[in-house]
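Novice: Sending over a structure as structure tokens; questions will come in a sec.
A short reminder: the numbers here are calculations on the coordinates, not readings from a lab. Quick caveat: nothing in here was measured; it's all calculated off a predicted structure. When we count neighbours, we look across all protein chains shown, and the Cβ atoms used for this are built from the backbone with ideal geometry, even at glycine.
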Amino acid sequence: MQTIKVCDVSKNYRDVLALNKVNLELQAGKIYGLLGRNGAGKSTLLKIIADRIRPTSGQILYDGKTVLDDSTSRQLYFSEPDKTFPELLKVKELCYYTSQFYPKFNLDEVQQILQNFGINEKKRLNQLSTGNFAIVRSIVALQTRAGFIFLDEPTLGHDAVNRELFYNEVLRIYREEQNTIVLSTHLIDEISNLLEEVIFIDRGQIFLEDNLDNIITSHLYITGPSEQIERIERSYSVIEKKENLGFVSLLIRPTSVTPDLPDGVKTSRAGLQDIFIAYSKKKDK
Amino acid sequence: MKLNNQDQRPIYLQIQEGLENAILGGTYAEETQIPSTTELSQVFQINPATAGKGVNTLVDEGFCYKKRGIGIFVKKGAREMLKKKRQTAFKETYLSPLIKEAKQLDISMENLIRWIKEADDANN
């Protein structure tokens, strides 16, 4: 499968509009970050892409086709935090059943990896802690080595050491398979180094979608005394304005790489998290 | 080579700069191989595409070259070329902020030059 296209997808849960005319194209061979606050619509979008729920309107195209048939569904795997597996299933059995559907699944390798995380594969899923269940489902998801892997909140409940191990595992599978991995999370700074593409979602709408480096290089903080900043403020599209102690800081999208600024005005780069927060606040107004 | 999480510049630029420093410092001598995209991705836990972008910039700027099927190598003469590049950037990166700060503090040019000489003597 080469692309998955989300076309004009909306989803209502009774009166709540969870997704509002979302358009998106996911390409083969990239790591995407689907980033948004709690309740932004991340999980709803992923569930619709994975065909677990139906959109209220709009459609998903898998290489141009509207239907997920048997061979294309083997090229897609969706892992969600909700406990959708039979809870009496043993870890080992979950691995075995998954391997029956995904031919690249390597049972010996998974056994080794779960050992590295200190997880006993003889345990039943309902005997695992929240953190360990998250590890099991994420490791199983990655091991499917499917062309498109969707991981919804993969690190929910992981401790710092396990998160690090997990991120290494994401990159290892990606290097070996050159597949598409979509990580949905609100822990933005932590995963930003893993990403190639970023999708920001808020209140059911995608408000920024671009290559990570483009996002970082196209945003800039300018900081200086209030009167200086106010004089130049109008020439830029301002995403966020922060004032404190006579100084004003603007997050802008400059049109040139090095904008011409008056003396006393300093520039600094914004991180992905800063940029995300700025856009979210802007939408609040 | 180290990545700095506080440094908000794109990671590929930090990779590029780190490799440049390693070439300048002699860690990667001319005509020897620099780390592969895979190695950089593993060591720094970054997206391989990002690592590749950093490495490719060195190729594009003519400091390194690709040997097909083997990897990326430091070009002969790369150290001198890199020094030239850094010298050109020196004014912008180091001198301009230094002079700006000196002016803000009413430090005269004579004083500044004298202090630079004194500091240099102290280092030797």
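Novice: Work through the residues other than A:Ile216 whose Cβ is under 14 Å from its Cβ and net out their charges, Lys, Arg +1 and Asp, Glu -1. It would help to have the intermediate numbers written out before the result.
Specialist: Values: positive: A:Arg253, A:Arg269, B:Arg9, B:Lys53; negative: A:Asp189, A:Glu196, A:Glu197, A:Asp210, A:Asp213, A:Asp274, B:Asp7.
Cβ neighbours under 14 Å give a net charge of -3.
Novice: I've got another one for you. Taking a cut-off of 25 Å between Cα atoms, list the lysines near A:Lys122, but don't count ones fewer than 8 places away on the same chain.
Specialist: A:Lys83, A:Lys90, A:Lys92, A:Lys104
Novice: Would you tell me the mean number of C-beta atoms belonging to other protein chains that fall within 10 Å of each C-beta in B:41-49, as a whole number?
Specialist: 6
Novice: Of the lysine pairs in the stretch A:140-285, how many meet both conditions: Cα atoms under 20 Å apart, and a spacing of 8 or more in sequence or different chains?
Specialist: For the stretch A:140-285, qualifying lysine pairs total 10.
Novice: Sticking with this one: Once the other residues with Cβ under 13 Å from the Cβ of B:Leu82 are scored (Lys, Arg +1; Asp, Glu -1), what is the net sum?
Specialist: Details: positive: B:Lys75, B:Lys76, B:Arg79, B:Lys83, B:Lys84, B:Lys85, B:Arg86; negative: B:Glu17, B:Glu20, B:Glu30, B:Glu61, B:Glu80.
It works out to a net charge of +2.
Novice: Round to a whole angstrom and tell me the spacing of the C-alpha centers of the stretch B:21-58 and the stretch B:67-116.
Specialist: The stretch B:21-58 and the stretch B:67-116 have Cα centres spaced 22 Å from each other.
Novice: Could you give me the ³J(HN,Hα) list for the stretch A:122-127, computed from phi with Karplus coefficients 6.51, -1.76, 1.60 and θ = phi - 60°, whole Hz, x at Gly and Pro?
Specialist: After applying 6.51 cos²θ - 1.76 cosθ + 1.60, I find 7, 6, 7, 4, 7, 8 Hz.
Novice: Under a 10 Å cutoff between Cα atoms, tell me which one of A:Leu19, A:Leu107, A:Leu76 has the largest fluctuation in the Gaussian network model of chain A.
Specialist: Top of the fluctuation ranking is A:Leu107.
Novice: Follow-up. Of the residues A:Ser79, A:Ser256, A:Ser57, which exhibits the maximal mean-square fluctuation in a Gaussian network model of chain A defined by a 10 Å Cα contact cut-off?
Specialist: So, out of A:Ser79, A:Ser256, A:Ser57, the one fluctuating most is A:Ser256.
Novice: Count the DSSP beta bridges whose two residues both fall in chain A, then state the antiparallel fraction as a percent rounded to the nearest 5.
Specialist: On the way: 36 of 55 bridges.
Bridges in chain A that DSSP calls antiparallel: roughly 65 percent.
Novice: Add +1 for every Lys or Arg and -1 for every Asp or Glu among the other residues with Cβ under 12 Å from the Cβ of A:Leu165, and state the total.
Specialist: Summing Lys/Arg as +1 and Asp/Glu as -1 gives -1.
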